[in-house]
Each structure stands twice: as structure tokens, then as C-alpha cells.
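Heads up: the structure comes next, in C-alpha cells.
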Ligand SMILES: C[S@@+](CC[C@H](N)C(=O)[O-])C[C@H]1O[C@@H](n2cnc3c(N)ncnc32)[C@H](O)[C@@H]1O
């Protein structure tokens, strides 16, 4: 998988920009509410990034592991949260020795599962690392909201420790892979006299409720709750069978293609 510059070379830019774009404490409270209700303490966070939520989970005495595909994000997470347990991995191919009571995929990380193939591999892999009757809590862009009010241009500004950040994004419909769109983002970082620019272009995906329902069902999950808020769908689902479903058996026996490179 192509890892975006903002998650690799410029991971620190992401970390610093998002401190004012996203309220991580509120984000944590939401997961904490679900996990407390489900009685889960041993958790795997997929797409942990620089460990913004990790510090809250550790403060609240969770048995926490953070996982991310980006080497730079994992290095940053270890720097930001020295007592955290972080590992590098791809959610479509998790090869972990441990099993977890819950897997959470945070901060719209699942939006990078742009092909049906990616989605199948990711959910199958998550199913494998969950304990019996374990839980998956994840958030996704809601296709209905994204595509009925499609924004072609967006801009964000942020300040952090004397550095000024700006991001100008352009988006265009793709629809080749599902409810997907192309996202081009141009970043500017200013620090005193110094100015740096870079650009990312990537595909992102949103889901309809029905799509999530189908993908989860054929990968052995039962949906407990779907919460629609703003442009997102937060889903709580439970692993219901140890054995693979018929669809999983067929699909993964065939394994016609490797996980995609896009
Ligand atoms: C939108 S960021 C969210 C980061 C963090 N949750 C936050 O909110 O600050 C998405 C993260 O998912 C990671 N990621 C993307 N694809 C992944 C994959 N296939 N497996 C694991 N992590 C992935 C990226 O490297 C990035 O750190």
C-alpha cells in the first residue's frame, strides 16, 4: 500500500496539525463509553497514528496495543507515549500472536480500504485477532452524506508551537471502486522565514449502512449498533462465529489477488 506523505515523511506535520483539528479527548470518551459497556479492557487500536488516543487509554489502565502501517507514525507514537505498546502492521494482513477483546479502528482509518478486496481482507484479519465473541468498533465516512453534499474544495489552517500549517484540498468523484473519491491535498508549513510545501494524492472510500452490514455479516460479525452522526457512521459489531462463514471460506480459498498496492 502506498503510504501517504502526511503519514510517513511528514507524520509530524499530521500530528501537529490535528491537535487543533480534532478533539482527541472527546474521541477517547466515545470509545471508552462503548468499551466500558462491552466490558473490554484488552484492546488493539488500528490506525493509532502518533498515539493521540493511546495516552488516554493508558491513563485509564487499558491493556492497550496500537498498530499502524506507517513506520514514521509508530516512531512518533513511541516518542509521544513512551509507556505505550506500538507495533507496525497492515490491517489487511494482521499477523499477531495475541488475541484481543476489542479492536477499534479510529480516526476514519478504514477510509483507506478503498477496494472490496481490501475490505474483505481487513475484516477477515480483524476477525482472526479477536477473541471469541470479541468486539469491533470502527468509524467510517457515510457515503450518503459525503456524496449528496460533495465538497470539491476545502481548506484547513492550524498553528502549533510557532509553526503555521495550511492545507488546501481538492476532491473529485471516482466511483470506480465503490463510493470512492480522489483527494488531492497541498500542504504549506511556515516557520519564521522558512516555508515548506508538499502534496498528497490518494483515493478514499465511504460506505452506505447496507454495505457495512453486508461486509460485516459475510465476515462473521453481528451488528450491535450503528450510530449516524454528521458525515460518519460509527459501528459496533461482535464476532459471532469461530468458524469462517461460507463467503469467507470461498473468498479466501480463492485468494485470487494479493492485497492491492493502491
Ligand atoms: C486518518 S489517520 C488517523 C490517525 C489517528 N487515529 C488519529 O486520529 O490521529 C489514519 C492512520 O491509519 C494508518 N493506516 C492507513 N492504512 C492502514 C492499514 N492498512 N493498516 C494500518 N494502518 C493504516 C495511517 O498510517 C494513519 O496513521
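Calculated mean residue ellipticity at 222 nm for the chain: -9000 deg cm²/dmol, from DSSP H runs with n ≥ 4 weighted as -39500 (n - 2.57), summed, divided by the residue count and rounded to 500.
Please report, in whole Å³, the volume per residue of the convex hull around the C-alpha atoms of the chain. Residue-normalised Cα hull volume stands at 122 Å³.
Model label sites at residue 30 and residue 247, defined 7 Å from Cα along the beta-carbon direction, differ in position by 2.5 nm.
Take the Cα of residue 128, step 7 Å toward its Cβ, do the same at residue 98, and the gap between the two points is 1.8 nm.
Under conditions of 37 °C and 0.692 mPa s, region 170-262 yields 195 µm² s⁻¹ as its translational diffusion coefficient, taking Rh as the Kirkwood radius over Cα pairs in the Stokes-Einstein equation. Highest-first packing order for the peptide set 74-84, 103-113 is 103-113, 74-84, based on the mean count of other beta carbon atoms within 10 Å. Share of antiparallel DSSP beta bridges in region 127-204, in percent to the nearest 5? Of the beta bridges lying entirely in region 127-204, close to 100 percent run antiparallel. To the nearest ten degrees, helix 116-129 and the longest principal axis of the Cα atoms of the chain are 70 degrees apart.
Within the listed set 46, 69, 21, the residue fluctuating most in the Gaussian network model of the chain (springs between alpha-carbon atoms under 10 angstrom) is 21. Inter-label distance, residue 240 to residue 152: 4.4 nm, where each label sits 7 Å from its Cα along the C-beta direction. Annotation: extensible slack from residue 71 through residue 209 equals 46.4 nm (criterion: 0.36 nm per residue apart, minus Cα-Cα distance).
Expressed as a whole percent, the proportion of Cα-Cα pairs in region 146-203 lying more than 13 Å apart is 65%.
Volume per residue of the convex hull around the Cα atoms, evaluated for region 68-219, comes out as 133 Å³.
Among 196, 19, 248, the largest mean-square fluctuation in a Gaussian network model of the chain (Cα springs under 10 Å) belongs to 196. Region 151-198 to region 67-123: how many Å between their Cα centroids? Between the Cα centres of region 151-198 and region 67-123 lies a distance of 23 Å.
Laboratory data are not the source of any read-out in this text; all were calculated from the coordinates shown. These figures come from a predicted structure and were not determined experimentally. Cβ coordinates were reconstructed from backbone atoms using ideal geometry, including for glycine residues, and neighbour counts include every protein chain displayed.
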